[in-house]
């Protein structure tokens, strides 16, 4: 067993390192206790020959929650399980086995040893490292906070059914097929409208004059529901007749639009089961948006006008 663990240590950025010997400055008693704990973990892993045991449970089945102790710091089953889950994301193609699990445990031991040495060298006192540690903690807690709030406010079947009726219950939703020409100035858009009234090709003008990414396809936006567009664009498209273009330029956050409505159609009403997950995700996004808005409304946020914008850019809803 000692021979198996006493492999050379190879320092690499990926921390894919071999097993370490026990710390040289540890007491003989601590060495013996640490070695005995590791041997128990390895024995438990190798004893489980079930090929479907693809989780760290095969190495964390000890009655004691501690897998090893490194300079007095306990490596628990929970710590190992979290590290194993993250570490194996980068170990694609490597078959999970007791040997691989032991390798990951030893990597975790090396991480702890290096961390302890970094702390001994007072690296956390470096301002950049301290800031990174603070940011990492905040990010992790934010992710946990999001999951906690979503779990407490998961939409139920009744809420999903109500959203389905709101979205699809009152007649079939309408879809539009349209093109647009996006311009920076209102006068440019008015000039385009004059050319269209004189018989110029909408597609040709879009390819030549539009500043949006759809210019290469003649301003083609494909089929869409009005709700997928920004409000000004949506309002205009719903008042137009098929085969006509907008009489006046339409201003949105992206610039000035000239719109051509090519076709309209009634969208097929989907079955509830086919859109259930989509509606659930939509409700969850609304729950999170309301949650964050509430936090921001209660918070005191002071922006440095010289360095930060007070408002985040609006979410883009349409090609421009």
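Things worth noting here:
- Cα shape, segment 229-296, gyration tensor, a/c 1.5 rule: oblate
- Hull volume per residue, based on the alpha-carbon atoms of segment 183-242 and their convex hull, is 106 Å³.
- Mean Cβ neighbour count within 10 Å, used as a protection proxy, ranking 274-281, 174-181, 135-142, 97-104 highest first: 174-181, 97-104, 274-281, 135-142
- Efficiency of FRET from Cβ geometry, residue 198 and residue 140, R₀ 41 Å, rounded to 0.05: 0.10
- Neighbour-count order for 186, 191, fewest beta carbons within 10 angstrom listed first: 186, 191
- The calculated FRET efficiency for the pair residue 114 and residue 265, based on their C-beta separation and a Förster distance of 45 Å, comes to about 0.10.
- Contour minus Cα-Cα distance for residue 161 and residue 187 (0.36 nm per residue): 4.6 nm
- Extending 7 Å from the Cα toward the beta-carbon at both residue 228 and residue 151 defines two label points whose distance is 3.5 nm.
- Label zone at residue 64 (point 7 Å along Cα-to-Cβ), backbone N below 18 Å, segment 85-120: 105-106, 109
- Computed extension length for residue 71-residue 216: 45.7 nm, one decimal, from 0.36 nm per residue of separation with the Cα-Cα distance subtracted.
Read the figures in this text as sums done on the coordinates, not as results from a lab. All values derive from a computational prediction rather than experimental measurement. Glycine also receives a Cβ, built like all others from the backbone with ideal geometry; neighbour counts cover every protein chain displayed.
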